[in-house]
Amino acid sequence: MTTVGEEVPVEYTADELLASHPGTEPLIVGGVRCHGGFDQDGAYVPPRTLNRVPAIRAWQAKRLAETGTPILDVPLETWPEHYPNLGQARFLLEQGVSQPLVSTLTRIGTVEGFGAAIRHVPLPDLPRCFDEDIEGTALAHLGQGLYEAHARDEAGFEAAAGHQQMWFAARDIAFEGPVDEVAVQGILARMGFGNRGSADPAEARRQAIAARILPADVPYDLEAVINFMARVLLIEISAFHTFAWAESLLSDTALVAGEGDAARIVSYIRQDETPHVEYLKTALSEMRDRTFVGESGRRYPGTEMVGPLWEAALAQSLGAGRQQSLAALLNEVTLALSERSDGADILEQFHALGSVRPAPDGSWAKTTGEPLTY
Ligand SMILES: [Fe+2]
Ligand SMILES: [Fe+2]
(Lines give C-alpha, C1' and ligand atoms only; values in the text may rest on other atoms or scores of the structure.)
(Ligands and ions follow the chains in the order given, each with its own letter.)
Protein backbone atom coordinates (compact mmCIF):
# COMPACT_ATOMS: atom_id res chain seq x y z
CA MET A 1 0.00 0.00 0.00
CA THR A 2 1.22 3.53 -0.78
CA THR A 3 0.16 6.33 1.51
CA VAL A 4 -0.45 10.03 1.00
CA GLY A 5 0.32 12.41 3.87
CA GLU A 6 0.07 10.77 7.28
CA GLU A 7 -1.16 7.21 7.02
CA VAL A 8 -4.04 7.11 4.56
CA PRO A 9 -3.23 4.47 1.93
CA VAL A 10 -4.50 5.27 -1.57
CA GLU A 11 -2.74 2.50 -3.50
CA TYR A 12 -3.85 -1.11 -3.10
CA THR A 13 -3.36 -4.41 -4.83
CA ALA A 14 -6.42 -6.36 -5.96
CA ASP A 15 -5.74 -8.93 -3.22
CA GLU A 16 -5.77 -6.20 -0.59
CA LEU A 17 -9.09 -4.82 -1.84
CA LEU A 18 -10.57 -8.33 -1.86
CA ALA A 19 -9.43 -9.18 1.67
CA SER A 20 -12.03 -9.96 4.33
CA HIS A 21 -11.77 -9.52 8.08
CA PRO A 22 -10.07 -12.56 9.58
CA GLY A 23 -11.68 -14.61 12.32
CA THR A 24 -15.34 -13.80 11.70
CA GLU A 25 -18.03 -16.35 12.45
CA PRO A 26 -19.57 -17.41 9.10
CA LEU A 27 -23.14 -16.48 8.18
CA ILE A 28 -25.14 -19.62 7.42
CA VAL A 29 -28.70 -19.31 6.14
CA GLY A 30 -30.87 -22.40 5.79
CA GLY A 31 -27.71 -24.52 5.58
CA VAL A 32 -26.17 -22.25 2.91
CA ARG A 33 -22.84 -20.61 3.72
CA CYS A 34 -23.15 -16.93 2.78
CA HIS A 35 -20.44 -14.32 2.49
CA GLY A 36 -19.72 -11.96 5.37
CA GLY A 37 -19.75 -12.99 9.02
CA PHE A 38 -20.00 -11.88 12.62
CA ASP A 39 -17.34 -10.34 14.82
CA GLN A 40 -16.72 -11.24 18.47
CA ASP A 41 -19.54 -8.94 19.58
CA GLY A 42 -21.95 -10.60 17.14
CA ALA A 43 -22.07 -7.60 14.80
CA TYR A 44 -22.36 -8.36 11.07
CA VAL A 45 -19.23 -7.61 9.02
CA PRO A 46 -19.68 -7.34 5.23
CA PRO A 47 -17.32 -9.42 3.09
CA ARG A 48 -14.15 -8.04 1.50
CA THR A 49 -14.21 -4.81 3.49
CA LEU A 50 -10.99 -5.07 5.54
CA ASN A 51 -9.19 -2.62 3.22
CA ARG A 52 -11.91 -1.71 0.71
CA VAL A 53 -13.90 0.51 3.09
CA PRO A 54 -10.90 2.51 4.41
CA ALA A 55 -9.59 2.72 0.83
CA ILE A 56 -12.80 4.29 -0.46
CA ARG A 57 -12.75 6.79 2.41
CA ALA A 58 -9.16 7.69 1.58
CA TRP A 59 -9.97 8.21 -2.13
CA GLN A 60 -12.96 10.34 -1.20
CA ALA A 61 -10.86 12.50 1.14
CA LYS A 62 -8.13 12.88 -1.49
CA ARG A 63 -10.63 13.83 -4.22
CA LEU A 64 -12.30 16.40 -2.01
CA ALA A 65 -8.95 17.89 -0.95
CA GLU A 66 -7.84 18.16 -4.59
CA THR A 67 -11.02 19.51 -6.16
CA GLY A 68 -13.34 20.79 -3.44
CA THR A 69 -16.31 19.76 -5.60
CA PRO A 70 -19.31 17.88 -4.17
CA ILE A 71 -19.43 14.15 -4.83
CA LEU A 72 -21.88 13.06 -7.53
CA ASP A 73 -25.07 12.05 -5.78
CA VAL A 74 -28.80 11.92 -6.02
CA PRO A 75 -31.02 12.17 -2.96
CA LEU A 76 -32.92 9.03 -2.08
CA GLU A 77 -36.09 11.16 -1.80
CA THR A 78 -35.86 11.61 -5.60
CA TRP A 79 -37.05 8.04 -5.84
CA PRO A 80 -40.68 7.07 -5.65
CA GLU A 81 -41.71 4.52 -3.05
CA HIS A 82 -41.46 0.81 -3.79
CA TYR A 83 -44.25 -0.69 -5.87
CA PRO A 84 -46.20 -2.38 -4.44
CA ASN A 85 -45.85 -0.24 -1.31
CA LEU A 86 -45.95 -1.77 2.15
CA GLY A 87 -49.69 -1.33 2.54
CA GLN A 88 -50.35 -2.96 -0.84
CA ALA A 89 -47.97 -5.85 -0.12
CA ARG A 90 -49.51 -6.51 3.29
CA PHE A 91 -52.98 -6.33 1.80
CA LEU A 92 -52.10 -8.96 -0.83
CA LEU A 93 -50.72 -11.30 1.84
CA GLU A 94 -53.81 -10.82 4.01
CA GLN A 95 -55.86 -11.88 0.97
CA GLY A 96 -53.69 -14.99 0.58
CA VAL A 97 -52.04 -13.64 -2.58
CA SER A 98 -48.29 -14.21 -2.16
CA GLN A 99 -47.13 -14.94 -5.73
CA PRO A 100 -46.50 -11.27 -6.74
CA LEU A 101 -44.21 -10.92 -3.71
CA VAL A 102 -42.42 -14.19 -4.50
CA SER A 103 -41.95 -12.75 -8.02
CA THR A 104 -40.70 -9.42 -6.63
CA LEU A 105 -38.04 -11.11 -4.49
CA THR A 106 -37.04 -13.35 -7.41
CA ARG A 107 -36.65 -10.29 -9.61
CA ILE A 108 -34.54 -8.44 -7.03
CA GLY A 109 -32.25 -11.46 -6.52
CA THR A 110 -31.86 -11.87 -10.26
CA VAL A 111 -30.99 -8.20 -10.81
CA GLU A 112 -28.43 -8.49 -8.00
CA GLY A 113 -26.88 -11.47 -9.79
CA PHE A 114 -26.62 -9.44 -13.02
CA GLY A 115 -24.35 -7.07 -11.07
CA ALA A 116 -21.61 -9.66 -11.49
CA ALA A 117 -21.37 -8.56 -15.15
CA ILE A 118 -19.48 -5.50 -13.95
CA ARG A 119 -16.27 -7.56 -13.90
CA HIS A 120 -16.64 -8.11 -17.69
CA VAL A 121 -17.10 -4.46 -18.66
CA PRO A 122 -14.10 -3.68 -20.91
CA LEU A 123 -12.03 -0.90 -19.41
CA PRO A 124 -10.26 1.47 -21.81
CA ASP A 125 -6.67 2.52 -21.14
CA LEU A 126 -7.80 4.86 -18.37
CA PRO A 127 -4.57 6.86 -17.80
CA ARG A 128 -4.66 7.81 -21.52
CA CYS A 129 -8.30 8.92 -21.33
CA PHE A 130 -7.59 11.83 -18.99
CA ASP A 131 -5.27 14.81 -19.04
CA GLU A 132 -4.61 14.57 -15.29
CA ASP A 133 -3.05 11.49 -13.72
CA ILE A 134 -5.31 8.97 -12.00
CA GLU A 135 -2.90 7.54 -9.45
CA GLY A 136 -4.31 6.90 -6.00
CA THR A 137 -7.95 7.07 -7.11
CA ALA A 138 -10.92 4.73 -7.03
CA LEU A 139 -10.88 5.05 -10.83
CA ALA A 140 -7.43 3.48 -11.02
CA HIS A 141 -8.61 0.54 -8.89
CA LEU A 142 -11.79 -0.33 -10.84
CA GLY A 143 -10.07 -3.18 -12.67
CA GLN A 144 -7.82 -3.84 -9.71
CA GLY A 145 -10.14 -5.27 -7.10
CA LEU A 146 -13.15 -2.94 -6.99
CA TYR A 147 -15.18 -4.49 -9.84
CA GLU A 148 -14.22 -7.99 -8.74
CA ALA A 149 -15.25 -7.37 -5.10
CA HIS A 150 -18.56 -5.94 -6.33
CA ALA A 151 -19.18 -8.94 -8.61
CA ARG A 152 -18.41 -11.41 -5.80
CA ASP A 153 -20.71 -9.56 -3.39
CA GLU A 154 -23.62 -9.72 -5.84
CA ALA A 155 -23.32 -13.22 -7.26
CA GLY A 156 -21.29 -15.10 -4.67
CA PHE A 157 -17.81 -16.50 -4.95
CA GLU A 158 -16.53 -20.06 -4.60
CA ALA A 159 -18.38 -21.78 -1.74
CA ALA A 160 -19.92 -18.62 -0.29
CA ALA A 161 -23.30 -17.41 -1.54
CA GLY A 162 -23.77 -13.75 -2.49
CA HIS A 163 -26.77 -11.44 -2.73
CA GLN A 164 -28.54 -13.32 -5.50
CA GLN A 165 -28.73 -16.49 -3.41
CA MET A 166 -29.35 -14.53 -0.21
CA TRP A 167 -32.49 -12.88 -1.67
CA PHE A 168 -33.69 -16.27 -2.88
CA ALA A 169 -33.05 -17.69 0.62
CA ALA A 170 -35.00 -14.80 2.19
CA ARG A 171 -37.87 -15.49 -0.23
CA ASP A 172 -37.92 -19.21 0.49
CA ILE A 173 -37.82 -18.67 4.26
CA ALA A 174 -40.60 -16.07 4.20
CA PHE A 175 -42.87 -17.96 1.80
CA GLU A 176 -42.00 -21.44 2.97
CA GLY A 177 -40.75 -23.40 0.06
CA PRO A 178 -38.05 -23.12 -2.52
CA VAL A 179 -39.16 -21.83 -5.91
CA ASP A 180 -37.83 -24.25 -8.51
CA GLU A 181 -35.82 -23.24 -11.56
CA VAL A 182 -38.76 -23.69 -13.94
CA ALA A 183 -40.89 -21.34 -11.87
CA VAL A 184 -38.02 -18.84 -11.71
CA GLN A 185 -37.68 -18.89 -15.51
CA GLY A 186 -41.43 -18.31 -15.87
CA ILE A 187 -41.33 -15.34 -13.48
CA LEU A 188 -38.32 -13.81 -15.25
CA ALA A 189 -39.81 -14.26 -18.72
CA ARG A 190 -43.05 -12.55 -17.60
CA MET A 191 -41.09 -9.72 -15.97
CA GLY A 192 -39.12 -8.91 -19.09
CA PHE A 193 -35.89 -10.86 -18.59
CA GLY A 194 -36.77 -13.68 -20.97
CA ASN A 195 -34.54 -12.76 -23.88
CA ARG A 196 -31.55 -11.72 -21.86
CA GLY A 197 -28.27 -12.94 -23.30
CA SER A 198 -29.72 -14.03 -26.62
CA ALA A 199 -28.89 -10.78 -28.48
CA ASP A 200 -25.86 -10.81 -30.77
CA PRO A 201 -23.16 -8.92 -28.80
CA ALA A 202 -21.65 -7.40 -31.98
CA GLU A 203 -25.07 -6.09 -33.05
CA ALA A 204 -25.72 -4.80 -29.50
CA ARG A 205 -22.41 -2.91 -29.64
CA ARG A 206 -23.25 -1.43 -33.07
CA GLN A 207 -26.60 -0.20 -31.75
CA ALA A 208 -24.97 1.26 -28.63
CA ILE A 209 -22.38 3.10 -30.73
CA ALA A 210 -25.16 4.49 -32.97
CA ALA A 211 -26.93 5.80 -29.84
CA ARG A 212 -23.85 7.47 -28.34
CA ILE A 213 -24.21 10.74 -26.47
CA LEU A 214 -20.55 11.81 -26.31
CA PRO A 215 -18.49 12.98 -29.32
CA ALA A 216 -17.18 10.12 -31.48
CA ASP A 217 -13.65 11.34 -30.66
CA VAL A 218 -14.05 10.17 -27.03
CA PRO A 219 -13.23 6.43 -26.73
CA TYR A 220 -16.45 4.46 -26.93
CA ASP A 221 -15.38 2.09 -24.14
CA LEU A 222 -15.03 5.04 -21.79
CA GLU A 223 -18.61 6.15 -22.50
CA ALA A 224 -19.79 2.54 -22.06
CA VAL A 225 -18.04 2.25 -18.68
CA ILE A 226 -19.58 5.51 -17.44
CA ASN A 227 -23.02 4.42 -18.65
CA PHE A 228 -22.73 1.05 -16.97
CA MET A 229 -21.51 2.51 -13.69
CA ALA A 230 -24.21 5.22 -13.70
CA ARG A 231 -26.92 2.62 -14.28
CA VAL A 232 -25.61 0.32 -11.57
CA LEU A 233 -25.24 3.22 -9.13
CA LEU A 234 -28.86 4.28 -9.70
CA ILE A 235 -30.03 0.71 -9.10
CA GLU A 236 -27.94 0.61 -5.92
CA ILE A 237 -29.30 3.93 -4.62
CA SER A 238 -32.93 3.08 -5.42
CA ALA A 239 -32.42 -0.32 -3.78
CA PHE A 240 -32.31 1.35 -0.39
CA HIS A 241 -36.08 1.88 -0.68
CA THR A 242 -36.41 -1.79 -1.55
CA PHE A 243 -34.39 -2.82 1.51
CA ALA A 244 -36.54 -0.75 3.87
CA TRP A 245 -39.67 -2.17 2.25
CA ALA A 246 -38.45 -5.78 2.34
CA GLU A 247 -37.17 -5.56 5.90
CA SER A 248 -40.54 -4.24 7.14
CA LEU A 249 -42.58 -6.75 5.17
CA LEU A 250 -40.44 -9.78 5.97
CA SER A 251 -40.20 -9.00 9.69
CA ASP A 252 -43.99 -9.12 10.03
CA THR A 253 -44.32 -12.52 11.69
CA ALA A 254 -48.11 -12.45 11.35
CA LEU A 255 -47.82 -12.35 7.54
CA VAL A 256 -44.67 -14.26 6.60
CA ALA A 257 -42.83 -17.28 7.97
CA GLY A 258 -39.33 -17.52 9.37
CA GLU A 259 -39.62 -15.51 12.60
CA GLY A 260 -37.87 -12.51 11.09
CA ASP A 261 -34.95 -14.47 9.61
CA ALA A 262 -35.75 -13.32 6.07
CA ALA A 263 -35.66 -9.66 7.18
CA ARG A 264 -32.33 -10.25 8.91
CA ILE A 265 -30.83 -11.59 5.67
CA VAL A 266 -32.01 -8.47 3.85
CA SER A 267 -30.40 -6.29 6.54
CA TYR A 268 -27.04 -8.02 5.92
CA ILE A 269 -27.37 -7.49 2.16
CA ARG A 270 -28.15 -3.82 2.82
CA GLN A 271 -24.97 -3.39 4.86
CA ASP A 272 -22.91 -4.91 2.03
CA GLU A 273 -24.22 -2.34 -0.47
CA THR A 274 -22.72 0.79 1.06
CA PRO A 275 -19.21 0.24 -0.39
CA HIS A 276 -20.79 -0.27 -3.87
CA VAL A 277 -22.59 3.06 -3.75
CA GLU A 278 -19.52 4.84 -2.38
CA TYR A 279 -16.91 3.56 -4.85
CA LEU A 280 -19.20 4.15 -7.84
CA LYS A 281 -19.98 7.71 -6.76
CA THR A 282 -16.29 8.35 -6.12
CA ALA A 283 -15.00 7.01 -9.45
CA LEU A 284 -17.71 8.84 -11.44
CA SER A 285 -16.84 12.07 -9.59
CA GLU A 286 -13.13 11.56 -10.24
CA MET A 287 -13.87 11.34 -13.98
CA ARG A 288 -16.21 14.34 -13.90
CA ASP A 289 -13.46 16.40 -12.20
CA ARG A 290 -10.89 15.57 -14.87
CA THR A 291 -10.32 16.58 -18.50
CA PHE A 292 -11.16 13.93 -21.08
CA VAL A 293 -8.68 13.41 -23.93
CA GLY A 294 -10.19 12.39 -27.28
CA GLU A 295 -8.52 10.12 -29.86
CA SER A 296 -7.54 13.30 -31.78
CA GLY A 297 -5.90 14.76 -28.69
CA ARG A 298 -8.71 17.26 -28.23
CA ARG A 299 -9.62 18.09 -24.59
CA TYR A 300 -13.15 18.00 -23.15
CA PRO A 301 -14.23 19.13 -19.67
CA GLY A 302 -15.30 16.09 -17.60
CA THR A 303 -18.42 17.89 -16.41
CA GLU A 304 -19.63 18.05 -20.04
CA MET A 305 -18.98 14.32 -20.48
CA VAL A 306 -20.21 12.75 -17.25
CA GLY A 307 -23.09 15.21 -16.76
CA PRO A 308 -25.17 14.31 -19.86
CA LEU A 309 -24.58 10.57 -19.37
CA TRP A 310 -25.65 10.80 -15.73
CA GLU A 311 -28.78 12.79 -16.66
CA ALA A 312 -29.70 10.25 -19.35
CA ALA A 313 -29.28 7.34 -16.90
CA LEU A 314 -31.41 9.17 -14.33
CA ALA A 315 -34.15 9.88 -16.88
CA GLN A 316 -34.18 6.21 -17.96
CA SER A 317 -34.24 4.94 -14.38
CA LEU A 318 -37.10 7.18 -13.26
CA GLY A 319 -38.91 7.21 -16.61
CA ALA A 320 -39.10 4.25 -18.99
CA GLY A 321 -37.33 1.89 -16.58
CA ARG A 322 -39.82 2.59 -13.81
CA GLN A 323 -42.87 2.26 -16.09
CA GLN A 324 -41.58 -1.11 -17.22
CA SER A 325 -41.19 -2.46 -13.71
CA LEU A 326 -44.57 -1.07 -12.62
CA ALA A 327 -46.25 -2.84 -15.53
CA ALA A 328 -44.35 -6.07 -14.89
CA LEU A 329 -45.34 -6.17 -11.24
CA LEU A 330 -48.97 -5.32 -11.93
CA ASN A 331 -49.03 -8.15 -14.44
CA GLU A 332 -47.96 -10.53 -11.65
CA VAL A 333 -50.80 -9.24 -9.47
CA THR A 334 -53.49 -9.58 -12.15
CA LEU A 335 -52.19 -13.05 -13.04
CA ALA A 336 -52.37 -14.15 -9.39
CA LEU A 337 -55.91 -12.79 -9.12
CA SER A 338 -57.15 -14.22 -12.42
CA GLU A 339 -58.46 -17.41 -10.81
CA ARG A 340 -60.21 -15.59 -7.96
CA SER A 341 -63.91 -14.82 -8.19
CA ASP A 342 -63.25 -11.74 -6.01
CA GLY A 343 -60.18 -10.79 -8.10
CA ALA A 344 -61.63 -7.52 -9.46
CA ASP A 345 -62.52 -6.31 -5.95
CA ILE A 346 -59.08 -7.19 -4.60
CA LEU A 347 -57.39 -5.44 -7.53
CA GLU A 348 -59.40 -2.27 -6.96
CA GLN A 349 -58.54 -2.26 -3.25
CA PHE A 350 -54.90 -2.91 -4.15
CA HIS A 351 -54.88 0.15 -6.46
CA ALA A 352 -56.63 2.28 -3.82
CA LEU A 353 -53.79 1.60 -1.36
CA GLY A 354 -51.10 2.67 -3.84
CA SER A 355 -49.63 6.02 -4.77
CA VAL A 356 -49.71 5.20 -8.50
CA ARG A 357 -52.16 3.32 -10.70
CA PRO A 358 -52.64 2.67 -14.40
CA ALA A 359 -55.30 4.40 -16.50
CA PRO A 360 -57.48 2.24 -18.77
CA ASP A 361 -55.05 2.98 -21.64
CA GLY A 362 -52.20 1.47 -19.60
CA SER A 363 -50.46 4.79 -18.85
CA TRP A 364 -49.48 5.38 -15.23
CA ALA A 365 -50.38 8.33 -13.05
CA LYS A 366 -50.25 9.21 -9.39
CA THR A 367 -53.46 8.38 -7.53
CA THR A 368 -53.74 12.14 -6.94
CA GLY A 369 -54.24 12.43 -10.72
CA GLU A 370 -50.85 14.06 -11.45
CA PRO A 371 -48.86 12.46 -14.24
CA LEU A 372 -45.72 10.45 -13.38
CA THR A 373 -43.05 12.94 -14.24
CA TYR A 374 -39.48 13.03 -13.27
FE1 LIG B 1 -26.23 -6.44 -3.91
FE1 LIG C 1 -24.73 -3.80 -4.92
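Ligands, DNA and RNA aside, residue 53 has an accessible area near 40 Å² when probed at 1.4 Å. Each listed q (0.07, 0.14 Å⁻¹) maps to a log10 I(q)/I(0) for segment 80-357, found by the Debye formula over equal Cα scatterers with no solvent: -0.30, -1.04.
Can you send over the carbon and sulfur percentage of the accessible area for segment 80-357, probe radius 1.4 Å, protein chains only? Can you show the working numbers first?
Values: 5920 of 11620 Å².
Roughly 51 percent, rounded to a whole number.
Counted by Cβ distance under 12 Å from residue 268, the other residues give a net charge of -3, where Lys and Arg count +1 and Asp and Glu count -1.
Taking the convex hull of the alpha carbon atoms in segment 132-233, what volume per residue do you get, in Å³?
Details: hull volume 17.0 nm³, N = 102.
Per-residue hull volume (Cα only) is 167 Å³.
Of interest is the spacing of the C-alpha centroids, which for segment 12-53 and segment 304-326 amounts to 33 Å. Scoring 83-90, 36-43 by mean Cβ neighbours within 10 Å over their residues and listing the highest first yields 83-90, 36-43.
Taking Lys and Arg as +1 and Asp and Glu as -1, the other residues whose beta-carbon sits under 9 Å from that of residue 302 total -1. Just to confirm the number: angle between the C-alpha axis of helix 320-337 and the first principal axis of the chain, 0 to 90 degrees, nearest 10? Rounded to the nearest ten degrees, it is 20.
The residues of segment 80-357 expose on average 42 square angstrom of accessible surface per residue, using a 1.4 Å probe on protein heavy atoms. Magnitude of the charge dipole for segment 258-325, about its Cα centre and with charges confined to Cβ atoms of Lys, Arg (+1) and Asp, Glu (-1), is about 280 debye.
The values are calculated or read from the model by the stated rules, or taken from the named source; none is laboratory data. Values in this document were obtained by computation on a predicted structure and should not be read as measured data. Every residue, glycine among them, receives a Cβ derived from its backbone with ideal geometry; neighbour counts consider all protein chains shown. Only protein heavy atoms, including side chains, enter the accessible area calculation; ligands, DNA and RNA are left aside. Shrake-Rupley method; radii C 1.70, N 1.55, O 1.52, S 1.80 Å.
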